[in-house]
Amino acid sequence: MTHSSPSHPIMAFIGGGNMAGAIIGGLISQGHPAGRIVVVEPFAESRERLAAQGVQALAEAGDALRQADLVVWAVKPQMLHEAAQPVLPYVGGALHLSIAAGIGLGTLARWLGTERVVRAMPNTPALVGQGMTGLYTPAATPDADRELAESALRSTGQLLWVDDEALIDSVTAVSGSGPAYVFFFIEALEQAGVEMGLTAEQAHQLAVGTFTGASALAAASNDTPAVLRQRVTSKGGTTFAAISSMEADRVKDSIVRALHAARLRAQELEQEFGRAD
């Protein structure tokens, strides 16, 4: 059941925090009418910020949700079941898109009373249109529903569909949590720069600029990251000294282990929060 033109579906967001704000901002910047976006957000400050963009911002679920073609669940996993209760009477005909980590499709279908569910795992660079989002929905999901889910997220950056739901936990570990690893590494570069006499501002510019440039080069090149790394690692040179130090400290092994820990935590979230009825 669709209530609106395919080009500008009515989208409802349950939760109006940073990620919802990024998606909404991207939609509006791409020409989606703000008046065709509804947000349920209990916090007045967040609600006012959204309303200032022309979005219909509600303190609680109400009749404005009845026209929604798509409902985006942008709440923490531990809050989703409770948040769903007052919303469900209004959204029987909608497609549901969940960006809550760790809550599986079976659980979402049970809580939401529908099989029309897509899972997505975006990340915070969506705030600047440079996001990386992984999506999953069963193979039987119609193309129109896939397209509707994509239309909500396309303006936030790149999209990647996976064909096995278990891989969403892997996406969570690599890209969902991934920006934090990059910021962690930038912190380390900045700290070292300051210790070596640069100002904090200089170290920040050098560290961030290096990540931006290296990522752009990796994206533009047909070579693997390993080959790109080897090209700047002359035997006996400065880069070689740094990489040798990291290899001695087993930095790569530590990072890989950390991502396995992130995936395990995503799997645990389903066990912790996916049991409510």
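The values are calculated or read from the model by the stated rules, or taken from the named source; none is laboratory data. A quick note: this is a predicted structure, and the numbers were derived from the prediction, not measured. All Cβ positions, even for glycine, are placed from backbone atoms using ideal geometry, and neighbour counts span all protein chains on display.
Structure notes:
- Number of the condition not met by GLY31 [criteria: (1) in contact with a His (Cβ under 9 Å, 6 or more places away or on another chain); (2) touching a residue at least 40 places away in the same chain (Cβ under 8 Å); (3) closer than 19 Å to ALA126 by Cβ]: (2)
- Leading residue by the ranking (farthest from GLY106 (Cα to Cα)) among those in the range 229-277 that are among the hydroxyl-bearing types (Ser, Thr, Tyr) and not in a helix (DSSP H, G or I): SER234
- Residue that is surrounded by 18 or more Cβ atoms within 10 Å (Cβ to Cβ) and over 23 Å from GLU150 (Cα atoms), where the choices are ARG47, ARG36: ARG47
- Taken together, ALA207, ALA200, ALA216 contain a single residue that is more than 20 Å from ALA242 (Cβ to Cβ), touching a Gly at 6+ places or on another chain (Cβ under 9 Å) and either modelled with pLDDT of 95 or more or hydroxyl-bearing (Ser, Thr, Tyr) (or both), which is ALA200.
- A single entry from ALA120, ALA101, ALA109 fulfils the requirement of being outside the structural domain of VAL182 (by TED's automatic domain parsing), outside any helix (DSSP H, G or I), of a type in the set (Gly, Ala, Ser) and out of contact with any helix residue (DSSP H, G or I) (no Cβ under 6 Å at 6 or more places or on another chain): ALA120.
- A Cβ distance below 7 Å, combined with a sequence gap of six or more or placement on separate chains, defines the contacts here; from the range 173-187, residues that are under 16 Å from LYS252 (Cα atoms) and touching a residue at least 60 places away in the same chain (Cβ under 8 Å) reach residues that are crowded, with 18+ Cβ neighbours inside 10 Å and not small (Gly, Ala, Ser) in the pairs ALA173/ARG263.
Condition check ((1) modelled with pLDDT under 95; (2) of a type outside the set (Lys, Arg); (3) surrounded by fewer than 23 Cβ atoms within 10 Å (Cβ to Cβ); (4) within 21 Å of the chain's Cα centre (by Cα)) across all residues:
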| position | (1), (2), (3), (4) |
| --- | --- |
| ALA68 | no, yes, no, no |
| ALA74 | no, yes, no, yes |
| PRO89 | no, yes, yes, no |
| SER98 | no, yes, no, yes |
| ALA101 | yes, yes, yes, yes |
| ARG116 | no, no, yes, yes |
| ARG119 | no, no, no, yes |
| PRO125 | yes, yes, yes, yes |
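- Taken as a whole, the structure places ILE186 among residues that are part of a helix (DSSP H, G or I), within 26 Å of the chain's Cα centre (by Cα) and farther than 30 Å from ALA139 by Cβ.
- Residue list for the range 129-147, filter: among the hydrophobic types (A, V, I, L, M, F, W, C) and under 12 Å from the mean Cα position of the chain (by Cα): MET132, LEU135
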